[in-house]
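Report on the structure given below.
The values are calculated or read from the model by the stated rules, or taken from the named source; none is laboratory data. Note that the structure is a prediction, hence the values are computed from the model and not measured. We place every Cβ from the backbone using ideal geometry, glycine too, and count neighbours over all the protein chains shown.
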Amino acid sequence: MRVEIVKKVLQSNDNAANENRARFDAAGVTCINLLGGAGCGKTTLLEATLPRLTDGLRIAVFEGDLATTRDAERVAALGVPAVQLLTDGGCHLTATLVQEGLQRIAPEELDLLIVENVGNLICPASFDLGEHARIAVLSVAEGHDKPVKYPLMFTLCEAIIVNKIDMLSLSDFDMAAFQRAVTGLNQKARIFQVSCKTGEGMDGWISWLESELRNR
């Protein structure tokens, strides 16, 4: 009975995700699901990325969190429309929550929608939101073994951002070991080493993101 319930929950979410994806495709908007643990720097990455994207690109952000509107306020301060999606204690966003967010914006007026998921390396990886690409963010402080410990997250991503590389000398993060672990799970994923604090590596990440938008 328990397995049957889980199947029903996931099937309901997948149905909503397919509806979202069809709506995004019809509107001509690219949706990206930004995933990563709490404190890895997802919102800081957005703050460093959004102002540098091509002028004229129409962007909105959905901010997923358990409580507060702090992250949405940080994005809105950049002049980017932001919608806070609160899970009321849930550990991940769902496709139906994204549908609720779509009631507050017009996807037809966007080129890019970024969904910053709840800070968690486990649950969000299992739930399709209707996105076109998944981007995982990991800070060096979290350790290079995370792909081995949380393989699903890193298996499903198109790109992985190793953030806070300005702290590498202060940590025991083994970049070579991390890259080997990722390659063992996902040979297609691009890995970007960045520091939102210093700006190192940001050019490569942004160029890749803009290329993805042009090619969709």
Problem set entry | The one condition in (1) assigned to a loop (DSSP other than H, G, I, E, B); (2) touching a residue at least 60 places away in the same chain (Cβ under 8 Å); (3) touching an Asp or Glu at 6+ places or on another chain (Cβ under 9 Å); (4) among the hydrophobic types (A, V, I, L, M, F, W, C) that Leu78 fails to fulfil | (2)
Exercise. Any residue in region 28-44 that is without any contact (Cβ under 8 Å) to a residue 60 or more places away in the chain, touching a strand residue (DSSP E or B) at 6+ places or on another chain (Cβ under 8 Å) and part of a loop (DSSP other than H, G, I, E, B)?
Worked result: no
Problem set entry | Scope region 176-197; condition out of contact with any strand residue (DSSP E or B) (no Cβ under 7 Å at 6 or more places or on another chain) and of a type in the set (A, V, I, L, M); matching residues | Ala176, Ala177, Ala181, Leu185
For this session: Look at region 48-70 and say how many of its residues are of a type in the set (Asp, Glu) and modelled with pLDDT of 95 or more.
Result: 1
Problem set entry | Contacts under 7 angstrom Cβ, first residue in region 188-214 being closer than 18 Å to His132 by Cβ, partner assigned to a helix (DSSP H, G or I) and among the basic types (Lys, Arg), 6 or more apart | Ile206/Arg52
